[in-house]
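Notes for the one structure printed next.
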Amino acid sequence: MAEHTQPIQIDTEILQQYVDALGCIGWQAVGGVIRPVFSTAWVQAREQVAEWMRAAGLEVRGDAVGNLFGRLRGGDDSRTILTGSHLDTVPLGGKFDGALGILAGLVALRSLLEQAGQPRRSLEVVALCEEEGSRFPAHYWGTRGMLGTIQADELERLRDDQGETISEAMRTAGLAPRRYREAVRQDLDVFIELHIEQGRILFDERINLGIVQAITGLQHQWVTVKGRADHAGTTPMDLRRDALQGAAQMAIELSRLVEQEGRPAVVTLGKWEVKPGAVNVIPDEVNFSIDVRHPDEETKQRLAAAIRARYEAIAQERGLAVSSEITSESLPSGMDSALQSVLIQAAETCEASWRAMPSGAGHDSQEIARHLPTAMLFVPSVEGRSHSAAEYTTPEDAARGATVLATALHRLAY
Ligand code: GLV
Ligand code: MN
Ligand code: MN
C-alpha cells in the first residue's frame, strides 16, 4: 500500500459539470429525474458516461447485463479494485442518488492517472444498473449479474408495469440477455462506493463524511386485496366488500405497528393500484407494496410476520381475501473493517471530519459485501432529502467526498 501523506486533488469543476449534465438526462419539467433501467434516457446517460470515461483515459467496456466499466490498467492487471454506483433512478428522483458515486469514481481515476500515473493494481469505475428495482422487481440487477446471482428464470419472468420482460427491455437497449453469465467477475478484490447519505445525520451534525458500518435489511411485499365490485349508488355501506376500504385500514394499522416498534424500524407503502378504477364502482381489487426495513434481521423478520398477521386479520374482519408475495429481500450487511480504516485514514489525510454510521437505504454494496471486502463513504444530503427532485449535495461536499475516495484508492492501488 502506498503511504499517502498528501490528498489526491480532484477537479471540482469537472465533477460539478458532470453532475449537472448527467442530471439533465431524464430530467422532467415537473422536477425530478426519470431514468429507468434500459430506457432511452438510461441508454443516453450510459453513452455520456462512456464518453467521459474515454476522455479520462480509461478503457471502456459494457457487459451483457447493462453495467458499464472504465478501467485504469495496473502494472499487475490480473485483479481489480472497483468503485462506482448506479445509473438508474427512482421515478422523479434526484440528480445525486447513484450518479454521484459513478462520477466521483470517474473523476478520482482521472486525477490518479494525471497525478500518480499508472497504478500498481488495476482500478475500475462502474456504472451499475437497476439498483432501485424501479422498473423491474430486479433489485441490484447489475450487481447480481457481476456476482453471478441472477437466476436464469428471471430473464423471462420479471416484467415491468407495461408487461415487458426484462430480457425484451435489455434487447431494446442493445444488450444480449442470453449471455448474462458472461457478466460474472472473478477478478474483483474490493469495492468502494461513494453515495449521498439520503438522510440528515451528517447535515444536522455538520460532519463532512460518513463511514458506513452496516447497511439495513429490507423486505418488499406486493399485497393483493380482493373484495367485490358493486354499484356505488345502490350498495349500502354495511353490505359492501370494498377492497380499498380494507387496504386503507391495513395501511394505517401497519404504519402504526411499525411506529410502535420505534426507530430505526421503518415501513413504506409507496405503490398502489385500484381496480377497476372508476368513480362509481366499488373497488374489487387493490394491490399495494410494502417496504419494511430494520438493521437487525431477526427484528425485520418479526416485523414482517406481524405485518402479515395484521393485514390477514383485517381482511378476515371485512370479508376480503388477501394474498401477498415477497418480491425482494435483503439481509443487513456489514462493511469490511480494514477498508473502513482505509477510508478513515484518507478522510484524516484530507482533513475531513467523519463519523461512523449505519445506512438506512439499500445499496449495491450490501450485495457485493457478501462476496468481497466492501466499504461505503457517505457525503451529506442537504436536509436529508432524497428520492425526490429536492435531493442536493453541495459542490464542496461532493468534491470533498471524491477527494477522499481518490486518496483511499491511491492507498490501495499504488
Ligand atoms: C434504494 O435507494 C433503497 O434504499 O430503496
Ligand atoms: Mn435510491
Ligand atoms: Mn442509491
When residues of region 100-140 are filtered for being in a strand (DSSP E or B) and farther than 28 Å from Pro36 by Cα, how many remain? 2
Here are some conditions: (1) under 21 Å from Val107 (Cβ atoms); (2) in contact with a strand residue (DSSP E or B) (Cβ under 9 Å, 6 or more places away or on another chain); (3) more than 16 Å from ligand 3 (Cβ to nearest atom); (4) not polar (S, T, N, Q). Glu351 meets all but one. Which one does it not meet? (2)
Result of the Cβ filter at 7 Å on region 104-130, keeping first residues that are in contact (Cβ under 8 Å) with a residue 24 or more places away in the chain and partners that are among the polar types (S, T, N, Q) and assigned to a helix (DSSP H, G or I), at least 6 apart or interchain, is Leu128/Thr143
Looking at the structure I just gave you, is Pro373 more than 29 Å from Gln17 (Cα to Cα), of a type outside the set (Lys, Arg) and modelled with pLDDT under 95? no
Given the conditions (1) at pLDDT below 95; (2) of a type in the set (Gly, Ala, Ser); (3) touching a helix residue (DSSP H, G or I) at 6+ places or on another chain (Cβ under 8 Å), report the number of the one that Ser328 does not fulfil. (3)
Any residue in region 359-371 that is more than 15 Å from the chain's Cα centre (by Cα), under 26 Å from Tyr414 (Cβ atoms) and not acidic (Asp, Glu)? yes
Take the conditions assigned to a loop (DSSP other than H, G, I, E, B) and within 12 Å of ligand 3 (Cβ to nearest atom) and apply them to Thr143. Does it pass? no
Looking at this structure, is Asp189 closer than 30 Å to Arg411 by Cα and either out of contact with any Cys (no Cβ under 6 Å at 6 or more places or on another chain) or away from ligand 1 (no atom under 16 Å from the Cβ) (or both)? yes
With the requirement that a residue be out of contact with any helix residue (DSSP H, G or I) (no Cβ under 8 Å at 6 or more places or on another chain) and either in a loop (DSSP other than H, G, I, E, B) or modelled with pLDDT under 95 (or both), what does region 4-38 give you? Gln28, Ala29, Val30, Gly31, Gly32
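Looking only at residues in region 282-338 that are in a loop (DSSP other than H, G, I, E, B) and under 13 Å from Gln245 (Cα atoms), which one is farthest from ligand 2 (Cβ to nearest atom)?
From region 282-338, those in a loop (DSSP other than H, G, I, E, B) are 282-284, 295-296, 319-320, 331-332, 335-336; that's our starting set.
Add one more test, that the residue is under 13 Å from Gln245 (Cα atoms), and what stays is 282-284, 319-320.
Working: Ile282: 36, Pro283: 30, Asp284: 33, Gly319: 38, Leu320: 33 Å.
My answer is Gly319.
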Restricting attention to region 218-255, which residues are over 24 Å from Asn287 (Cβ atoms) and either touching a Lys or Arg at 6+ places or on another chain (Cβ under 9 Å) or touching a residue at least 12 places away in the same chain (Cβ under 8 Å) (or both)? Gly233
For region 181-211, which positions are part of a strand (DSSP E or B) and either more than 16 Å from ligand 3 (Cβ to nearest atom) or over 27 Å from Leu68 (Cβ atoms) (or both)? Leu188, Asp189, Val190, Leu209, Ile211
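Taking the condition of being of a type in the set (A, V, I, L, M) and surrounded by fewer than 19 Cβ atoms within 10 Å (Cβ to Cβ), how many residues in region 270-303 meet it? It would help to see each step written out before you state the result.
At the first step, the residues of region 270-303 found to be of a type in the set (A, V, I, L, M) are 274, 278-279, 281-282, 286, 290, 292, 303.
Now restrict to residues that are surrounded by fewer than 19 Cβ atoms within 10 Å (Cβ to Cβ): 274, 278-279, 281.
Summing the residues that are of a type in the set (A, V, I, L, M) and surrounded by fewer than 19 Cβ atoms within 10 Å (Cβ to Cβ) in region 270-303 gives 4.
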Odd one out for Gly227, checked against (1) under 20 Å from the mean Cα position of the chain (by Cα); (2) buried (at least 22 other Cβ atoms within 10 Å of the Cβ): (1)
Residue that is among the β-branched types (Val, Ile, Thr) and within 30 Å of Ala265 (Cα to Cα), where the choices are Thr407, Thr349, Thr393: Thr393
Out of region 145-174, which residues are under 23 Å from Ile368 (Cα atoms) and of a type outside the set (S, T, N, Q)? Gly145, Met146, Leu147, Gly148, Ile150, Ala152, Asp153, Glu154, Leu155, Leu158, Ile166, Met170
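Could you tell me which residue of region 73-88 is farthest from ligand 2 (Cβ to nearest atom), considering only residues that are within 20 Å of the chain's Cα centre (by Cα) and either more than 29 Å from Asp187 (Cβ to Cβ) or without any contact (Cβ under 8 Å) to a residue 60 or more places away in the chain (or both)?
Step one: of region 73-88, the residues within 20 Å of the chain's Cα centre (by Cα) are 82-88.
If we keep only those that are either more than 29 Å from Asp187 (Cβ to Cβ) or without any contact (Cβ under 8 Å) to a residue 60 or more places away in the chain (or both) as well, we get 87-88.
Working: Leu87: 12, Asp88: 9 Å.
Across region 73-88, the extreme among qualifying residues is Leu87.
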Which members of region 243-280 meet the condition of being out of contact with any strand residue (DSSP E or B) (no Cβ under 9 Å at 6 or more places or on another chain) and at negative phi? Gln245, Gln249, Ile252, Glu253, Arg256, Gln260, Arg263, Ala278, Val279
Suppose we filter region 137-149 for residues that are surrounded by fewer than 24 Cβ atoms within 10 Å (Cβ to Cβ), of a type outside the set (Gly, Ala, Ser) and modelled with pLDDT of 95 or more; how many remain? 3
Only residues that are within 30 Å of Ser381 (Cα to Cα), assigned to a loop (DSSP other than H, G, I, E, B) and either more than 16 Å from ligand 1 (Cβ to nearest atom) or not β-branched (Val, Ile, Thr) (or both): list them for region 69-99, please. Leu87, Asp88, Pro91, Leu92, Gly94, Lys95, Phe96, Asp97, Gly98
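The values are calculated or read from the model by the stated rules, or taken from the named source; none is laboratory data. It should be emphasised that the depicted structure is a prediction, and the values quoted were computed from it without experimental measurement. Ideal geometry is used to build each Cβ from the backbone, glycine not excepted, and the neighbour counts take in all protein chains shown.
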